[in-house]
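Structure first, then comments.
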Amino acid sequence: MPNSSEHRSSVGDCLSAVIFLSLLTLADSLIVNALPITIGPEPPQTPGFWNQGTSALIVSILSEMIGQSILLAVTYRYGSHYALKLNSLSIFIIAALSLAALSGGPEGCLWLPAITGLFRVFGGGSHATLFLTIILIRQISRGSIRAAAIYATGSFVVIQQSMASAFTPYLVGQNPALPYLISMACCIVAGVIAITSDVTQCPACGRLSTSDSTTRQPLLLHVVKSQAKHCPRLQELCQAHAKAIATSRCMARKVLKYLALVSFLAAIAKATRPLFTTYIQHRVGVTPEFATKLWYWRAAVSSGIFMPILPLTVVIFAKYTSLSPNAINLWIAKFSIIFIAKGALLIGLSLTHPQLFLGLLVNTLGVATDLALLAFAADVVPTDIASCFFLAMAQIESAGTLVGIWALYPLYQLSLDDKTLLGGAPYYVCAGLFAIGGITVWQMKPLFT
């Protein structure tokens with residue numbers, strides 16, 4: 001077991017990683033929120049329709065997928081610390097070029113959508129930052145500390161995105177350059193953390209960590225084999241040990257395939273999130289101000305679930321029950337996906353304010369589905385493929401979001417003004433996708449009980 005100094009060091013390192021994530025999330029969110037305000041209401045920017053805003057979103061996702069591929073290659077070849085630096089540099093370049101375009105007047109502003117979308121090819125955006133941070137947390141922590149830190153990333157991401165959404169209009173009103181200047185400052189601070197902190201000095205994907213139990217097992221097996229010929233019982237133990245290793249790695253790869261499927265389906269469903277506030281204005285008849293406040297309320301509840309509720313849940317259950325953090329994370333994912341599926345169904349069925357509030361509350365209770373599965377995967381994935389796996393998961397989520405845009409946006413457009421139960425069709429589809437994912441998750445079993 002780690003001593004108290006190692007424990008404090010692990011917590012401090014995780015905190016540095018989460019601060020790094022917070023800075024880049026805020027930087028990227030400021031850029032994204034400033035774009036529609038800066039270029040103005042023409043052409044129309046209504047979410048869910050084929051306009052310049054949706055085109056910029058699609059281009060941004062495609063370029064980020066390319067950037068994630070580059071980060072994957074850099075992580076595998078040189079290590080995650082180089083990928084973190086490249087990611088922060090990518091967001092800094094987007095902010096700097098956007099600021100330069102802004103100084104060019106109305107003609108320069110026409111380049112903002114292209115800059116915001118295309119230049120993510122160099123190192124991705126804040127979506128990639130989240131997965132790089134999880135890779136880092138996996139390398140510097142373990143057990144309940146690792147799970148708590150991964151859940152904490154969700155809270156910080158939600159807070160920074162909400163802050164950017166709330167304050168960007170004010171900043172643009174004061175000076176259109178302010179969001180980009182603040183974004184550049186955040187990237188610089190994050191870059192300093194990446195360069196100077198020992199937290200980021202982690203081994204590359206292809207190098208095995210000596211602290212991981214799975215990397216010590218073959219060495220142990222080799223030692224046992226050398227003595228097995230002198231003891232038949234020891235030879236049986238050796239064979240059983242080899243079989244256990246092979247079975248464990250086979251189960252791990254099977255679980256990872258399940259996780260990829262669930263993440264893809266969930267990403268398709270989550271493509272409707274930017275449409276929620278507009279949807280409920282047409283569907284239930286709420287005002288834009290009320291819709292925005294309701295979404296901020298959801299963000300506050302989500303932040304509270306991510307931290308401190310779920311970290312405390314993992315720590316308490318790991319300490320006072322026989323369940324491992326691996327098993328606890330899987331149980332959290334199983335119950336969360338039930339809530340998020342039922343919530344999506346209730347939102348689709350909602351025709352009144354109380355029904356809508358209930359549906360959103362139930363849906364929000366399942367907000368931790370993704371991070372619970374990622375925390376589960378952090379314990380399951382073999383060390384030699386861990387970094388590659390998590391960045392591949394980022395690409396799978398991005399691909400799912402693209403499929404969701406192409407599949408659900410037309411359905412959203414058709415049902416937007418339908419006041420009958422058929423008007424909830426987009427959320428019925430989301431509930432179905434989460435239900436399929438839920439069936440898959442409930443078939444999974446923890447590798448460590």
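Out of every Cα-Cα pair that the range 285-408 contains, those further apart than 17 angstrom amount to 67 percent. Sorting 129-137, 317-325, 304-312 by their mean Cβ neighbour count within 10 Å, with the most densely packed peptide first, gives 129-137, 304-312, 317-325. A Cβ-based charge dipole, computed about the Cα centre of the range 40-189 with Lys and Arg at +1 and Asp and Glu at -1, lands at about 700 debye. Evaluated with a Cβ-only charge set (Lys, Arg +1; Asp, Glu -1), the range 337-446 carries a dipole of roughly 260 debye about its Cα centre, given to the nearest 20. Within the range 79-133, the percentage of alpha carbon pairs spaced more than 14 angstrom apart rounds to 53%. Taking all Cα-Cα distances within the range 124-196, those exceeding 20 Å account for 44%. When the Cα positions of Gly108, His127, Ala96 are compared along the charge dipole of the range 61-197, His127 comes out farthest toward the positive end, with charges on each C-beta of Lys, Arg, Asp and Glu. Sorting the segments 142-149, 276-283 by their residues' average number of neighbouring beta-carbon atoms within 10 angstrom, most packed first, yields 142-149, 276-283.
Explain nothing, just compute: Karplus ³J(HN,Hα) = 6.51 cos²θ - 1.76 cosθ + 1.60, θ = phi - 60°, for every residue of the range 140-153 in order, whole Hz, x for Gly and Pro. Going residue by residue, I get 10, 8, 7, x, 5, 5, 4, 4, 4, 5, 5, 5, 4, 4 Hz, with x marking Gly and Pro.
Per the Debye calculation on the range 388-449 with a single equal scatterer at every Cα and no solvent contribution, log₁₀ I(q)/I(0) for q = 0.17, 0.19 Å⁻¹ amounts to -0.77, -0.87.
If you find the alpha carbon centre of the range 346-369 and of the range 305-325, how far apart are they in angstrom? What the calculation gives is 26 Å, centre to centre. A straight line joining the Cα centroids of the range 371-422 and the range 117-143 runs 16 Å.
Among the listed pairs Lys254/Lys334; Lys334/Lys419; Lys270/Lys293; Lys257/Lys319; Lys85/Lys254; Lys270/Lys445, those whose Cα-Cα separation exceeds 22 Å are Lys334/Lys419; Lys257/Lys319; Lys85/Lys254; Lys270/Lys445. Taking only the C-alpha atoms of the range 22-128, Rg followed by Dmax gives 14.2, 45 Å.
Read-outs throughout are calculated quantities, based only on the coordinates presented, and are distinct from any laboratory measurement. Model, not experiment: these values are computed from the prediction. Neighbour counts run over all protein chains shown; Cβ positions are idealised from the backbone, glycine included.
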